[in-house]
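The values are calculated or read from the model by the stated rules, or taken from the named source; none is laboratory data. In this text the structure is predicted, and so the values were computed from the model without any measurement. Cβ: placed from backbone, ideal geometry, glycine included. Neighbour counts: every protein chain shown. Heavy atoms of the whole protein, side chains included, go into the accessibility calculation; ligands, DNA and RNA do not. Shrake-Rupley method; radii C 1.70, N 1.55, O 1.52, S 1.80 Å.
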Amino acid sequence: MPDRSTKLRANRASIAHKARYAVRNPAKVAPYLRRTARNAVLRVKHRDHVSYYRAVMASDAGRSPEAAVGSRSHERWLALGEMQFDYLKGHGLSPEHRMLDIGCGNLRAGWRFIDYLEPGHYYGIDISPDILISAKQTLTAYALQDKLPHLTITGDLTLDFLPSEHFDVVHAHSVFSHSPIGVIEECLSHVGRVLTPDGFFDFTFDRTEGTEHQVLGEDFYYRTETLLGLARRHGLEARFMDDWEKLPHGQSKIRVTRRAG
């Protein structure tokens, strides 16, 4: 089993890596080939990334909404949601805060945030109508209707339909790991406007210490320095969250805040 350092240097787009992975994981070859075939078809039908990934989510959600948001079992779905909630609560999330959850999915973590926050203080957005239908089912299952959460579909990350200086916490878990650099820059160029002066934006990403790369247009791997630098170019303070690395999740996290003055 490769250690973490080896994984962080790996280029998953290379033929050599794919060959080694196939030898170690023969049961995953057929699913990967199906994803490759799907990618070829969807890339022809959808030229822009948002439309393409919306189609990916529709395909995945049709089989399993929990798997579509990256959870291989219901137990893992619960555990990953709890991990996100506990981390933000431990970093100061309070019931009176207003929260924007970018890529809220089917409320893996969102139902916990909704339950914790005051009514109307949770705003979840996603590009996938299919996964938002599942989110409403999660909301009903946990009897959280009285918390009046906002669940909205979006086609970009300009956040232009949201009020300025409104959100104390903005959160994007496993969104930038599926986003090309242009989508990430779009978000970072606008998120400062919707943050309160003391607010923060946490996002996770798939980290590499080698060559930045992507696999099938679905999974993107970035160096920490690239994303820190991008945030700072858009007037934000940015730092790598070392304490998040200790948790069993597989991604890394950066926090950005508005620059003072």
### Message
Given (1) within 30 Å of residue 137 (Cβ to Cβ); (2) open to solvent by less than 60 Å² (accessible area, probe 1.4 Å); (3) part of a helix (DSSP H, G or I), identify the lone condition not met by residue 71.
### Response
(3)
### Query
Would you say residue 122 is on the phi < 0 side of the Ramachandran plot and open to solvent by 30 Å² or more (accessible area, probe 1.4 Å)?
no
#### Entry: Single condition residue 63 does not satisfy, out of (1) basic (Lys, Arg); (2) touching a helix residue (DSSP H, G or I) at 6+ places or on another chain (Cβ under 7 Å); (3) farther than 20 Å from residue 213 by Cα
(2)
### Query
What number goes with the only condition from (1) in contact (Cβ under 8 Å) with a residue 12 or more places away in the chain; (2) over 27 Å from residue 223 (Cα atoms); (3) open to solvent by 70 Å² or more (accessible area, probe 1.4 Å) that residue 27 does not pass?
(1)
### Query
Here are 115, 156: which of them is open to solvent by 40 Å² or more (accessible area, probe 1.4 Å) and in contact (Cβ under 8 Å) with a residue 40 or more places away in the chain?
156
## Note on the structure
Of (1) within 14 Å of residue 100 (Cα to Cα); (2) open to solvent by less than 10 Å² (accessible area, probe 1.4 Å); (3) part of a strand (DSSP E or B), residue 200 fails just (2)
## Note on the structure
Taking the stretch 139-153 and keeping residues in contact with a Gly (Cβ under 9 Å, 6 or more places away or on another chain) and either part of a strand (DSSP E or B) or buried (at least 20 other Cβ atoms within 10 Å of the Cβ) (or both) leaves 139, 149, 150, 151, 152
